[in-house]
Every structure is written in C-alpha cells, then in structure tokens.
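Everything on this sheet refers to the single structure shown next.
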Amino acid sequence: MKEFPTIERSIWTSPKPVHVQFESAISAQNLTSDHLFDLIDVPNFFERIDSPLPTDEHQILQVLADSELITTANPGYWNITNAGAILLATRLQDFQSLKHKAARLIRYQGNSRVEIELKQTLSKGYASGFEELMNLVTDSLSKAKGLGKGSGKKKTAWPELALRELIANALIHQDYSTPDSGPLIEIFDDRIEVVNSGLPLVNEQRLVNSPPKIRNHRILSLMRQMNLATETGCGWDRIVAEAERCSMPAPLPETDEDTTRVVMLSPRALTDMDYSTRIWSVYQHACLKFANREHLSNGSLRERFGIELKNSAIVSRLIKEAVEAKVIVPYQAEIGRKHMRYIPNWADSDQSSFI
C-alpha cells in the first residue's frame, strides 16, 4: 500500500465504515440498569414509538437492545451505544465523546452576527430534546419582525413543517466522524440558517425529487421509528413546497469544505428578491413540479409568487431569466409560447414525456 498512497488514504478515509462504527460504538459501558435509566430518557423513547412503557425491567432492556440503543456487557450490566446516547441522552454532557455534538441555537439582533441576543445549548439528546429544541426556535422566532401572536398560541410567518424538516435533517445527516461541534441554528430578523458538519450525499442542485442517500442509517431508522423523520427522501420536496405556500424564497443549500448550511429567507414580495434568489426559486419550483409529474408554466409561477393574471408579463420575464440562466428548458418547444411548459435543465435528458 505504501506504493499507492492515494488508494491507501481513500481506504482509511472511506465514510461508510466510519459511520457504521460511530453508531454502534459504545459511549458508556458496564452500567447497572439504574445508572443506564439515569443516563438516557427511556420513557421518552416509548412515548415516541407510541408504545406503553413496560412494567417489567427486563422487557424494557430487551426492547432497547433490539433497537440497538444498548448492548449487553458483563452479566447484569449494559452498554449504551453512540446512537442511543446521541438520541436519548438525558444530559449529553454526561457522555464525554458526544458532549460537543449538542445542538446550539443563537438568536441575533437584526440581520448580522454583531449583536447576540440569545445563546442556548440543548443539553438533551436529539430525540429526547427535539420538541424542546423546536420550542426554543419558535420562542426565538416570535421576536423576529413580521411575527405576531394569535389566539393564545405562538404564530410565526415561518412554516413549522419546513423548520422541523430542516432541523431534523441537520441532526440526522451530519457527519459524526468529524470533531466539529453539533448542528447550529442561527436566527436573524430576515432569515434562519441551519448548519451541520458534512457535505450532502446528493448534489445540492438535485435535492428535490432525488432518491435518498443515507449517511447514518441507524440514527435515521431510529428517528423514523420515533416519528421524527421519514426515510422516503422527500424531505426537501416538503421544505420547498412549504416555502412556496408561505410566499418565501426557496431555501438555499450552501456548502463550504466539509460543512452544509441551509438558508431560509423570511417571506417577501418578488420585488424584494435579488436576481439569484429569483432564479433559484424559479428553478426549485420547476423541480417540485417535475417531482409531481407536472410542469412549470406561466400560470403555476403566477400562483407560486401570488401575481395577478393582468401582470403575467412579469412572470414571462422571470421565465426568460431562468431560461437564459440555463436552469430550466422548454418542454415540447413546438407548442406556442402562450402554452409553453418548462422542466428543470437536468430533466431534459430524463424520462420527461409524461402529460
């Protein structure tokens, strides 16, 4: 192997064994059942899987072991796996190797990082503390401009379903093999940014309608079992659809070395979007339509941006911009311009002959 350093390096840095090792590796070992129950939130797990908590301790331990949250150690003692700890920890700081992976939230004043209004670190595991994390996000968003209250319940201009998908994705799909800190949620007056370690396994241009590629199979499976995730690969489709429903620009994924950042801008009029934001939103609309076996049209884009029929010329200019930017292409170009339909640029060579 010394004669082929590139091949040797690729073997040692191959992501699959690293991630498999992380999920099944032991984070705490040789624990009594009482100590184990103190370290992880067992009632939360059973509540999330919609199952009553067994009254028999042996049954509880067997279910946890079957789910690969714990493993047997010496007779009468147990180990907690990394997957069990990162998802169900009562206090992540109790796990030396995982405490740096705690999710963090920062609320800034205004639209820059100059003044910090709030800093919060989630002490619990990702599953046991998920609702608490979402409540922290909702509380922070209630202070942002354009947000108000309604009938005693916090009401925001941000789609809750999209936020849950974004945050769950960051928790699940991060690269656990890196020493980087856990997911970071940054809240500004005009946007939310969700950051996690690791690059997407799917080209960020093809997140909509892309078959799922999974980095952390066991963690995803457990989050799905606890009704906190899906395994269908349609999470980004939902996020884009929710953004459209709430008159928001399409969320923008950004990558930098080994980090992924998703930027979700607040709801705004088309006139308040810059060129790149408009083009990206049109492109994502075309991707979403294609995923639904439909096509982008002047009418669908008018509905997406809330533009009246009498102003359809504005939409025509938008389409012209996107075609010139080569992010969408005409579908069946022989049809007259008035009835022209469009598909994403990558779909031109795909199976796109549906009606």
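Summary table
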item	result
Tally of residues being of a type in the set (Gly, Ala, Ser) and either assigned by TED's automatic domain parsing to the domain that holds Leu222 or under 26 Å from the mean Cα position of the chain (by Cα) (or both) across the range 41-80	1
Subset of the range 313-355 that is in contact with a helix residue (DSSP H, G or I) (Cβ under 6 Å, 6 or more places away or on another chain) and small (Gly, Ala, Ser) - its residue that is modelled with the lowest pLDDT	Ala347
Out of Asn79, Asn74, Asn44, Asn30, sole residue that is at pLDDT 95 or above, at negative phi, of a type in the set (S, T, N, Q) and out of contact with any helix residue (DSSP H, G or I) (no Cβ under 7 Å at 6 or more places or on another chain)	Asn79
Qualifying residue in the range 76-93 (condition: over 23 Å from His217 (Cα atoms) and without any contact (Cβ under 8 Å) to a residue 24 or more places away in the chain)	no
Boolean, Tyr275 is within 27 Å of Arg164 (Cα to Cα) and among the aromatic types (Phe, Trp, Tyr)	no
Tally, over the range 157-177, of residues that are surrounded by fewer than 21 Cβ atoms within 10 Å (Cβ to Cβ) and of a type in the set (Ser, Thr, Tyr)	1
Selection from the range 35-61 of residues that are part of a helix (DSSP H, G or I), over 20 Å from Thr72 (Cβ atoms) and in contact (Cβ under 8 Å) with a residue 40 or more places away in the chain	Asn44, Arg48
Lone unmet requirement of (1) of a type in the set (A, V, I, L, M, F, W, C); (2) surrounded by 23 or more Cβ atoms within 10 Å (Cβ to Cβ); (3) farther than 18 Å from Leu163 by Cα; (4) assigned by TED's automatic domain parsing to the domain that holds Met223 for Val114	(2)
Boolean, Glu242 is under 27 Å from Gly182 (Cα atoms) and in contact with a Lys or Arg (Cβ under 6 Å, 6 or more places away or on another chain)	no
Residues (touching a residue at least 60 places away in the same chain (Cβ under 8 Å) and either in a helix (DSSP H, G or I) or of a type in the set (Phe, Trp, Tyr) (or both)) located in the range 180-208	Phe188, Gln205, Arg206
Restricting the range 178-220 to residues that are surrounded by fewer than 18 Cβ atoms within 10 Å (Cβ to Cβ) and polar (S, T, N, Q), the residue that is nearest to Lys119 (Cα to Cα)	Ser181
Subset of the range 209-230 (residues that are over 25 Å from Leu141 (Cβ atoms) and in contact (Cβ under 8 Å) with a residue 60 or more places away in the chain)	Asn209, Arg215, Asn216, His217, Arg218, Ile219, Leu222, Gln225
Strands (runs of 3 or more DSSP E) enclosed by the range 226-332 - at least 3 residues per element that are surrounded by 14 or more Cβ atoms within 10 Å (Cβ to Cβ)	259-265, 328-331
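The values are calculated or read from the model by the stated rules, or taken from the named source; none is laboratory data. Keep in mind the model is a prediction, meaning the values are calculated, not measured. With ideal geometry, Cβ positions are generated from the backbone for all residues, glycine too; neighbour counts draw on all protein chains shown.
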